[in-house]
Amino acid sequence: MATSYFDRSLGFQIKKVLRYISLYGFSRTFIKVRGQLHMRRKIDSESKYWKNPGCRGEEHPDRFVAIVGCGNFAYSAIAYYLAKRSRRFLRAAMDLSTERARSLCKDFGGAYATGDMQDVLDDPAIKLVYIASNHASHAEYAIQCIEVGKHVHIEKPHVVTQEQLDRLLEAQANNPGVDIYLGFNRPRSEHFRRIRSALDGQPGPTMINWFIAGHQIPDDHWYFKEEEGGRVLGNLCHWTDLTLQMVGVKNAFPCEVIPVLHKGSKSDFCVGLKFADLSVAGITFSAKGHTFEGVREVLQAHRGDALVKLRDFEESVIEIVEKRKRFKTFYREHGHRANIVASLDGVSQHQSSAAVDPLYLQATSKLFLGIRKAFDELKPIVIELE
């Protein structure tokens, strides 16, 4: 999303790599560097379809995954973690940029790369499709896959309009044997699991406060195209979803949204949320310059006797009266691996425990769509579940 680090000075690149090794470890940093190279790779190809001559076991039963949208995240997170679970996971890589599709397919041993979504839809060997394309296309690709019986893992945001949400819910209802998985990874972090467990053990409403410092991106970035939803749908949805999970879907609605931002602000804003159970949340998102260590995020929350803190998904503290527990991971643990692999395991093991139900799908969508509407109109609104 940010400017390529290869456009920076060599000294900056070295410092960045060393810092990321301390934050994520050597292997994760290495794939992040490869992901940057992947985005710059140039491959001469006039054909939309490319069969990988280096693929072994093209018809292997484990090779049932397609990745749609082969950008940096698909390469350095989705494909990376799936390859750790199954070396022969990839059947197809699809991207409108055939260079990116071919690059990902080649590096992760896929059977073929294509620039045509119809190839994915027509392939009976593909059972699960990871969708990581541009935001406005997520729901469109997902609905097409669901209607032909393929399970989908949809990266955030899974919808960008109410109309897309309605059609996605309709597709889910009309195809009960098809699972939908969402790309909200942070709820699967061990830090968040511990925090949620502590809060769930206490009675009453919750006070929640988030501060997020995100990447600065230029005004002409594709995120800001009207159809893509801006940073509310592209970024803030991570923390609106986490907030909803702490409060609980059944406790949340009707929810009042109070926007706090200057007119025309694209990347700096606050939102206040007043939930039905008297819980209150404040989320502040700031993107004023370069964040050398990536996205920074701090949570403080209070319910009953439980007081919790979370810093950058690296350190969390839970205090309940006189008891205090501090949990620190050696590296930042955002739940990417757990969430990405859960979809693969759910399909391969015929278990739907990680799949989302219609109520949650509707609730998390309504919340971030409602916040965007409040920001667009610069006035408070009330969100109801239908």
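Please work out if ARG231 is modelled with pLDDT under 95 and either on the phi < 0 side of the Ramachandran plot or not in a loop (DSSP other than H, G, I, E, B) (or both). Yes: the conditions hold for ARG231.
A quick yes/no check of all residues on (1) at pLDDT below 95; (2) farther than 20 Å from GLY229 by Cβ; (3) outside the structural domain of TYR223 (by TED's automatic domain parsing):
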| site | (1), (2), (3) |
| --- | --- |
| ILE283 | no, no, no |
| LEU299 | no, yes, no |
| HIS302 | no, yes, no |
| ALA306 | no, yes, no |
| GLN351 | yes, yes, yes |
| LEU361 | no, no, no |
| LEU367 | no, no, no |
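Those residues that are small (Gly, Ala, Ser), more than 15 Å from ARG311 (Cα to Cα) and surrounded by 14 or more Cβ atoms within 10 Å (Cβ to Cβ), I need them from segment 278-299; list them, please.
Narrowing segment 278-299 to residues small (Gly, Ala, Ser): 279, 281-282, 286-287, 289, 294.
Restricting the remaining residues to those that are more than 15 Å from ARG311 (Cα to Cα) gives 279, 281-282, 286-287, 289.
Once the filter is applied, which keeps residues that are small (Gly, Ala, Ser), more than 15 Å from ARG311 (Cα to Cα) and surrounded by 14 or more Cβ atoms within 10 Å (Cβ to Cβ), segment 278-299 yields SER279, ALA281, GLY282, SER286, ALA287.
Looking at ASP219 and the list (1) among the acidic types (Asp, Glu); (2) exposed (fewer than 15 other Cβ atoms within 10 Å of the Cβ); (3) closer than 13 Å to PRO157 by Cβ, which single condition is not satisfied? Here ASP219 clears every test but (3).
Among the residues of segment 82-100, those identified as out of contact with any strand residue (DSSP E or B) (no Cβ under 6 Å at 6 or more places or on another chain), more than 9 Å from VAL68 (Cα to Cα) and either crowded, with 24+ Cβ neighbours inside 10 Å or in contact (Cβ under 8 Å) with a residue 40 or more places away in the chain (or both) are LEU82, LYS84, ARG85, SER86, THR98, GLU99, ARG100.
Which one of SER103, SER133 is among the polar types (S, T, N, Q), crowded, with 19+ Cβ neighbours inside 10 Å and within 19 Å of the chain's Cα centre (by Cα)? Walk me through it before giving the result.
Numbers: SER103 fails: within 19 Å of the chain's Cα centre (by Cα).
Just a single option satisfies the conditions, and that option is SER133.
Could you check, for segment 79-86, whether at least one of its residues is part of a strand (DSSP E or B), touching a helix residue (DSSP H, G or I) at 6+ places or on another chain (Cβ under 9 Å) and among the aliphatic types (A, V, I, L, M)? For segment 79-86, residues part of a strand (DSSP E or B), touching a helix residue (DSSP H, G or I) at 6+ places or on another chain (Cβ under 9 Å) and among the aliphatic types (A, V, I, L, M): absent.
For residues in segment 255-267 being under 24 Å from the mean Cα position of the chain (by Cα) and modelled with pLDDT of 95 or more, which is farthest from TRP210 (Cα to Cα)? Among residues in segment 255-267 that are under 24 Å from the mean Cα position of the chain (by Cα) and modelled with pLDDT of 95 or more, the one farthest from TRP210 (Cα to Cα) is CYS255.
Within segment 246-266, the residues that satisfy the criterion of being out of contact with any strand residue (DSSP E or B) (no Cβ under 7 Å at 6 or more places or on another chain), under 23 Å from LEU361 (Cβ atoms) and surrounded by fewer than 21 Cβ atoms within 10 Å (Cβ to Cβ) are GLY248, VAL249, LYS250, ASN251.
The values are calculated or read from the model by the stated rules, or taken from the named source; none is laboratory data. Just so we're clear, the structure is a prediction, and the values are computed from it rather than from any experiment. Cβ: placed from backbone, ideal geometry, glycine included. Neighbour counts: every protein chain shown.
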